[in-house]
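Since the structure comes first, as C-alpha cells, the remarks are kept for the end.
The values are calculated or read from the model by the stated rules, or taken from the named source; none is laboratory data. Quick caveat, the model's predicted, so the values are computed rather than measured. Here the Cβ positions follow ideal geometry from the backbone for every residue, glycine too, while neighbour counts run over all protein chains shown. Note: areas computed on protein heavy atoms with side chains; ligands, DNA, RNA excluded. Shrake-Rupley method; radii C 1.70, N 1.55, O 1.52, S 1.80 Å.
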Amino acid sequence: MSGYTGITVDREALIANYATVAAQVAPSGVIAVVKANGYGHGAAEAAQAFVDAGAEWLGVADIDEGVALRHAGIDEGVRILAWLHAPDEDFRRAAQYGITPAVSSVSQLSAAADSEVPAVHVCVDTGLSRNGAVESEWPELFETAGRLARGSGRTRVEGLMSHLSNASRADDLDQDAALQRALDGLAANGIVPDMVHLAASAASIAVPETRRDAARVGLALYGLSPFADRTSADLGLRPAMRVTASVLRTVPVRAGDGVSYGYTWRAPADTRLAVIGLGYADGFDRDFGNRVSVRIGDRTFPVVGRVAMNAMHVDIGDAEVHVGDEAVLWGDPANGDPAVEDWAAAVGTINYEVVARVGRSVERRTS
Ligand SMILES: Cc1ncc(COP(=O)(O)O)c(C=O)c1O
C-alpha cells in the first residue's frame with residue numbers, strides 16, 4: 001500500500017490544545033488565531049475544531065480570511081476579528097459577513113462606521129511598530145470613536161487590542177503599560193471597551209499579567225511551543241500537524257556520486273536513496289538538505305543534497321525501504337516522529353515559519 005503524501009491534522013490534538021490553553025488563561029478568554037491558513041493546518045478545519053472545543057472568537061489577519069471562514073460554514077454565532085487591512089479595504093464586507101474589524105486609524109474607523117459595521121476593536125501600537133495606531137495618533141482616533149459612540153450609535157468600540165514584540169518580560173510589561181494609557185485615553189472619551197486583549201501564545205503562558213480579558217492564541221493551539229527552551233510536551237501541548245511523504249522510487253548510488261543540484265552531498269560509500277515528492281514549491285526550504293532527518297518505519301534517515309522543487313532525497317543505506325513506504329518529515333515527537341523544531345533550527349528559523357509555509361499545493365486531511 002502506498003503511503004500518504006501530505007499533512008494529517010490531528011483534530012483531537014487541536015481540541016485538547018484549546019482546552020489546555022483555555023484552562024491556563026482562565027478567567028481570561030481565548031481568541032483562536034487561524035490566520036495564514038490556520039498556520040498551515042487548514043483554516044476552516046482548524047477553526048471548526050476550536051469552535052467545537054468552545055471557542056467563541058476566531059482571529060484572522062484580514063477580512064478575506066474571515067469571509068473564507070464564513071463560506072466554509074463558520075456561522076455568525078462565532079465572532080471573527082480581523083486586524084490587517086488593505087488601504088482600500090471595503091468594510092461593507094465586514095458588515096455583510098459579520099466580521100469585526102480591528103481598526104488602526106481614523107480613516108479605517110470612519111470607513112467601518114460608514115459601512116455600518118456594528119462593532120470594532122481599536123488596535124493600538126505599543127511597541128511592535130506594525131499596524132496599530134501609534135501613540136501620537138491616539139487623541140484624534142479616540143475622540144473620533146467617542147463622537148461615533150455618542151452619535152447615531154451604529155458603530156461602537158467593543159474592544160481594545162495591541163500585539164507584543166516578545167522581546168523580554170520587561171518589554172512586554174512596558175507594552176502592557178502603554179495599553180493601559182490607551183485604555184485611559186478611551187475612557188476620557190467616554191469609551192470603556194468590553195474586551196481588552198494583548199497577549200499571544202508566548203506572553204499568555206509566560207507573562208500572565210498581560211492576559212487581560214482574552215489572549216489571542218495561535219501557535220500553542222496547534223500544539224507548538226513559542227519558546228526555544230520549552231517543548232510542546234513541556235507545555236502540555238500536542239503538535240497537531242504530521243507531514244508524510246510516500247517513497248516514489250529508490251536509487252542506488254556509488255561512493256563518490258554527487259546527489260541533486262549542485263552536488264552539495266556526495267555519497268561517502270555505496271548506498272541507496274529514497275526520493276520523496278515534496279520540495280520547495282510545496283514550502284520545504286531548499287536548504288533543508290543535509291540538515292534534517294525523516295522517519296521511515298522505526299528508523300530515521302538523513303535528507304541529503306539540495307531539496308528540489310518537487311522532491312527531496314533520503315539516504316536509506318541498505319535499510320528495508322521500498323517504493324510506497326511512508327516517510328514522516330515531522331509530527332509529534334511524543335510518538336517518535338521528528339520535531340518540526342529540528343527542521344526550523346536546521347535553517348535558522350522558528351516552528352511558526354516552517355508550518356505556515358507548507359503550501360496549499362500539499363494535500364491536507366484530518367485524522
Ligand atoms: C495580532 C496577532 N495576535 C495574535 C497572534 C497569535 O500569535 P501566536 O501564534 O504567537 O499565539 C498573531 C500572530 O502573529 C498576531 O499577529
Exercise for review: Scan segment 338-367 and report the pairs whose first residue is closer than 15 Å to Gly279 by Cβ and whose second residue is at pLDDT 95 or above and in a loop (DSSP other than H, G, I, E, B), with Cβ atoms within less than 6 Å and a gap of 6+ or a chain change.
Suggested key: Trp343/Val292; Val347/Asp285; Arg357/Gly283; Val358/Gly40; Val358/Gly283; Gly359/Gly283
Exercise for review: Spot the failing condition for Ala334; the list is (1) of a type in the set (A, V, I, L, M, F, W, C); (2) part of a loop (DSSP other than H, G, I, E, B); (3) open to solvent by 10 Å² or more (accessible area, probe 1.4 Å), and only one is missed.
Suggested key: (2)
Check your understanding: Consider Ser246 against the criteria (1) under 28 Å from the mean Cα position of the chain (by Cα); (2) closer than 19 Å to Asp342 by Cβ; (3) in a strand (DSSP E or B): it satisfies all of them except one. Which criterion is unmet?
Key -> (2)
**Study point:** Condition check for Val304: out of contact with any helix residue (DSSP H, G or I) (no Cβ under 8 Å at 6 or more places or on another chain), in contact (Cβ under 8 Å) with a residue 60 or more places away in the chain and of a type in the set (A, V, I, L, M)
**Key:** no
Point to revise | Failed criterion for Gly159 (all others in (1) more than 20 Å from Gly66 (Cα to Cα); (2) out of contact with any helix residue (DSSP H, G or I) (no Cβ under 7 Å at 6 or more places or on another chain); (3) of a type outside the set (Lys, Arg) hold) | key: (1)
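In segment 214-243, what residues are open to solvent by 50 Å² or more (accessible area, probe 1.4 Å) and either over 20 Å from Pro338 (Cβ atoms) or assigned to a strand (DSSP E or B) (or both)? Before you say what the answer is, go through the steps one by one.
From segment 214-243, those open to solvent by 50 Å² or more (accessible area, probe 1.4 Å) are 228-231, 233-234, 238, 242; that's our starting set.
Arg242 - this is the single residue of segment 214-243 that is open to solvent by 50 Å² or more (accessible area, probe 1.4 Å) and either over 20 Å from Pro338 (Cβ atoms) or assigned to a strand (DSSP E or B) (or both).
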Exercise for review: Report yes if some residue within segment 27-38 is over 19 Å from the mean Cα position of the chain (by Cα), assigned by TED's automatic domain parsing to the domain that holds Ala203 and of a type in the set (S, T, N, Q); otherwise report no.
Suggested key: yes
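Hey, does segment 130-152 have a residue that's within 15 Å of the ligand (Cβ to nearest atom) and at pLDDT below 95? Even if it seems obvious, please write down each step before you answer.
Filtering segment 130-152 for residues within 15 Å of the ligand (Cβ to nearest atom) gives 130-133.
With at pLDDT below 95 added as a condition, the list becomes 130-131.
Yes; the residues of segment 130-152 include at least one that is within 15 Å of the ligand (Cβ to nearest atom) and at pLDDT below 95.
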Practice item. For segment 337-356, state whether one or more residues are within 16 Å of the ligand (Cβ to nearest atom), closer than 15 Å to Thr5 by Cβ and β-branched (Val, Ile, Thr). Key: no
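Of the residues Ala112, Ala95, Ala102, Ala149, which single one is within 18 Å of Ile80 (Cβ to Cβ), open to solvent by 10 Å² or more (accessible area, probe 1.4 Å) and assigned by TED's automatic domain parsing to the domain that holds Gln175? Break it down stepwise before answering.
Working: Ala112 fails: open to solvent by 10 Å² or more (accessible area, probe 1.4 Å); Ala102 fails: open to solvent by 10 Å² or more (accessible area, probe 1.4 Å); Ala149 fails: within 18 Å of Ile80 (Cβ to Cβ).
Selected residue: Ala95, the only one of Ala112, Ala95, Ala102, Ala149 that is within 18 Å of Ile80 (Cβ to Cβ), open to solvent by 10 Å² or more (accessible area, probe 1.4 Å) and assigned by TED's automatic domain parsing to the domain that holds Gln175.
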Point to revise | Residue count for segment 56-65, restricted to those that are surrounded by 21 or more Cβ atoms within 10 Å (Cβ to Cβ), within 20 Å of Ala23 (Cβ to Cβ) and over 16 Å from the mean Cα position of the chain (by Cα) | key: 0
Review point. With (1) away from the ligand (no atom under 16 Å from the Cβ); (2) over 25 Å from Asn335 (Cβ atoms) as the list, and Val30 as the residue in question, which single condition is left unmet?
Key: (1)
Revision key, fill the gap. Expected single match for outside any strand (DSSP E or B) and away from the ligand (no atom under 16 Å from the Cβ) among Leu164, Leu179, Leu183 is Leu183
Practice item. May I ask you to verify whether Ala214 is under 17 Å from Gly59 (Cα atoms), within 12 Å of the ligand (Cβ to nearest atom) and touching a residue at least 60 places away in the same chain (Cβ under 8 Å)? Key: yes
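Taking the residues in segment 337-352 that are acidic (Asp, Glu) and assigned to a helix (DSSP H, G or I) as candidates, determine which candidate is farthest from the chain's Cα centre (by Cα). Steps first, please.
Initial filter on segment 337-352 (acidic (Asp, Glu)): 337, 341-342.
Still in the list and also assigned to a helix (DSSP H, G or I): 341-342.
Numbers: Glu341: 14, Asp342: 18 Å.
Once the filter is applied, the top-ranked residue is Asp342.
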Exercise for review: Mind listing whichever residues of segment 1-33 are farther than 21 Å from Arg360 by Cβ, modelled with pLDDT of 95 or more and not in a helix (DSSP H, G or I)?
Suggested key: Ala26, Pro27, Ser28, Gly29, Val30, Ile31
Point to revise | Count of segment 66-87 residues which are within 15 Å of the ligand (Cβ to nearest atom), of a type outside the set (Val, Ile, Thr) and open to solvent by less than 10 Å² (accessible area, probe 1.4 Å) | key: 3
